[in-house]
Amino acid sequence: MVPAKPLDGKVAFVTGAAGGMGRAHALHLASLGADIAIVDKDLAVGKRRAEYAAESVEQEVGEIGRRAISVEADLSKRASAQDAVEQAVRSFGRIDVLVNNAGGAITPADRSFASVSPDEDIAVLLGANFLSALYCCQAAIPSMPERGGSIVNIVTFGVFMSDSRGQYAVYAAAKAALLTYTRHLAVELGPRGIRANCVAPGLIATPRIAQAAAERGLGTESQAGSIPLRRLGRADDMVGAVEYLATDMSAYVTGQCIAVTGGLGLAGI
């Protein structure tokens, strides 16, 4: 029997948690019993996008009945990631679940092709999508329990399937690096009972994607209609995969990647 609160008494450190998918993960893990470290480069981003009525995600977690702290940090900097983890450990004593959700295709789309991506975009994308997770993993692992710790790294379905126009090359490459890094972590940490896995979202209709639909042609009705489940994903569609990997439901699963895409790619889209 699955316990009603499978993460009761545990601590989750969630990056990019001030809005979008990260907020959904933070709130869902709190509903499972975890105390939450909400970590983001901009703690006000979700509030500005009117994603919630509360004053903060920390307040929302409190309303669920769990403890939370908010840490504003640029995780692409090693010292900032280390400090964020230390703040969480000082507050809660340890980290049981690490969800590296921060990142995204956050540079201009028109110069995201493999042949033209400039140095400044490459640095931003590698920092946000690969180095941030690497630094958080290295900082958090010493505070994770010997048995039962779980690392969940969010990648993208683009690691398996290229954009039809060849865009977002460095973003996908950074996430592919994270996928490979996660598999190495799984081998290294397995003897300690710490698992490391990935979740690869497809087209998830977060507020940022909604904005990009107009600017970049992402998340359009036409794209939704070509997905086998005939809709874009929602942030809530992601949380079940993270729950599975964060809890003992996946106690014998490590080094894997779960695609949450509604079937995107099955028909050669």
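The values are calculated or read from the model by the stated rules, or taken from the named source; none is laboratory data. Remember, predicted model here, so these are calculated numbers, not experimental data. Every residue, glycine as well, gets a Cβ built from its backbone with ideal geometry; the counts of neighbours run over all protein chains shown.
Quick one: GLY240 ticks every box in (1) more than 18 Å from PHE157 (Cβ to Cβ); (2) in a helix (DSSP H, G or I); (3) of a type outside the set (S, T, N, Q); (4) modelled with pLDDT of 85 or more except a single one, so which number is it?
Unmet condition: (1).
When you check GLY148 against the structure, is it touching a residue at least 24 places away in the same chain (Cβ under 8 Å), of a type in the set (Gly, Ala, Ser) and closer than 20 Å to LEU43 by Cβ, yes or no? Full working, then the answer.
On the way: touching a residue at least 24 places away in the same chain (Cβ under 8 Å): yes; of a type in the set (Gly, Ala, Ser): yes; closer than 20 Å to LEU43 by Cβ: no.
Considered against the rule, which asks whether it is touching a residue at least 24 places away in the same chain (Cβ under 8 Å), of a type in the set (Gly, Ala, Ser) and closer than 20 Å to LEU43 by Cβ, GLY148 comes out as no.
Determine, yes or no, whether SER117 is small (Gly, Ala, Ser), assigned to a loop (DSSP other than H, G, I, E, B) and at pLDDT 95 or above.
Yes: the conditions hold for SER117.
Kindly indicate whether ARG66 is farther than 24 Å from THR182 by Cβ, part of a loop (DSSP other than H, G, I, E, B) and not hydroxyl-bearing (Ser, Thr, Tyr).
Numbers: farther than 24 Å from THR182 by Cβ: yes; part of a loop (DSSP other than H, G, I, E, B): yes; not hydroxyl-bearing (Ser, Thr, Tyr): yes.
The answer is yes for ARG66.
Can you find a residue in region 130-137 that is of a type outside the set (Phe, Trp, Tyr), under 20 Å from LYS10 (Cα atoms), in a helix (DSSP H, G or I) and modelled with pLDDT of 95 or more?
Here is the first cut: in region 130-137, the ones of a type outside the set (Phe, Trp, Tyr) are 131-134, 136-137.
From the residues that got through so far, the ones that are under 20 Å from LYS10 (Cα atoms) too are 136-137.
Checking which are in a helix (DSSP H, G or I) leaves us with 136-137.
In the following step, the residues that additionally are modelled with pLDDT of 95 or more were identified as 136-137.
Scanning region 130-137, I find at least one residue that is of a type outside the set (Phe, Trp, Tyr), under 20 Å from LYS10 (Cα atoms), in a helix (DSSP H, G or I) and modelled with pLDDT of 95 or more, so the answer is yes.
Please pick out the residue among VAL159, VAL199 that is touching a Leu at 6+ places or on another chain (Cβ under 6 Å), among the hydrophobic types (A, V, I, L, M, F, W, C), surrounded by 17 or more Cβ atoms within 10 Å (Cβ to Cβ) and at negative phi. Explain how you work it out, then say what you get.
Values: VAL199 fails: touching a Leu at 6+ places or on another chain (Cβ under 6 Å).
From the options VAL159, VAL199, the qualifying one is VAL159.
Condition first: over 30 Å from PRO191 (Cβ atoms) and not charged (D, E, K, R). Now tell me which residues in region 145-164 satisfy that. First the steps, then the outcome.
Filtering region 145-164 down to residues over 30 Å from PRO191 (Cβ atoms) leaves 157-158, 161-164.
Scanning region 145-164 gives PHE157, GLY158, MET161, SER162, SER164.
Pull up region 5-17, narrow it to residues that are of a type outside the set (Ser, Thr, Tyr), touching a residue at least 40 places away in the same chain (Cβ under 8 Å) and on the phi < 0 side of the Ramachandran plot, then point me to the one that is surrounded by the most Cβ atoms within 10 Å (Cβ to Cβ).
Let us first name the residues in region 5-17 that are of a type outside the set (Ser, Thr, Tyr), namely 5-14, 16-17.
With touching a residue at least 40 places away in the same chain (Cβ under 8 Å) added as a condition, the list becomes 6-7, 10-14, 16-17.
Still in the running and on the phi < 0 side of the Ramachandran plot: 6-7, 10-14, 17.
Numbers: PRO6: 16, LEU7: 25, LYS10: 23, VAL11: 25, ALA12: 31, PHE13: 34, VAL14: 32, ALA17: 32.
This residue is PHE13.
Looking only at region 7-53, count every residue that is assigned to a loop (DSSP other than H, G, I, E, B) and either under 24 Å from ALA133 (Cβ atoms) or of a type in the set (A, V, I, L, M, F, W, C) (or both) and tell me the total.
Kept after step one, since they are assigned to a loop (DSSP other than H, G, I, E, B), are these residues of region 7-53: 7-10, 16-19, 32-34, 41-44, 49-53.
Then drop every residue that is not either under 24 Å from ALA133 (Cβ atoms) or of a type in the set (A, V, I, L, M, F, W, C) (or both), which leaves 7, 10, 16-19, 32, 34, 41-44, 49-51, 53.
Number satisfying all stated conditions: 16.
If I ask for residues that are assigned to a helix (DSSP H, G or I) and touching a Ser or Thr at 6+ places or on another chain (Cβ under 9 Å), which ones from region 87-114 would you list?
Here is the first cut: in region 87-114, the ones assigned to a helix (DSSP H, G or I) are 87-92, 109-111.
Within region 87-114, ALA88, VAL89, ARG111 meet the criteria.
In the set ARG94, ARG49, ARG90, which member is among the basic types (Lys, Arg) and under 30 Å from LEU203 (Cβ atoms)?
Details: ARG94 fails: under 30 Å from LEU203 (Cβ atoms); ARG90 fails: under 30 Å from LEU203 (Cβ atoms).
Sole residue among the options that is among the basic types (Lys, Arg) and under 30 Å from LEU203 (Cβ atoms): ARG49.
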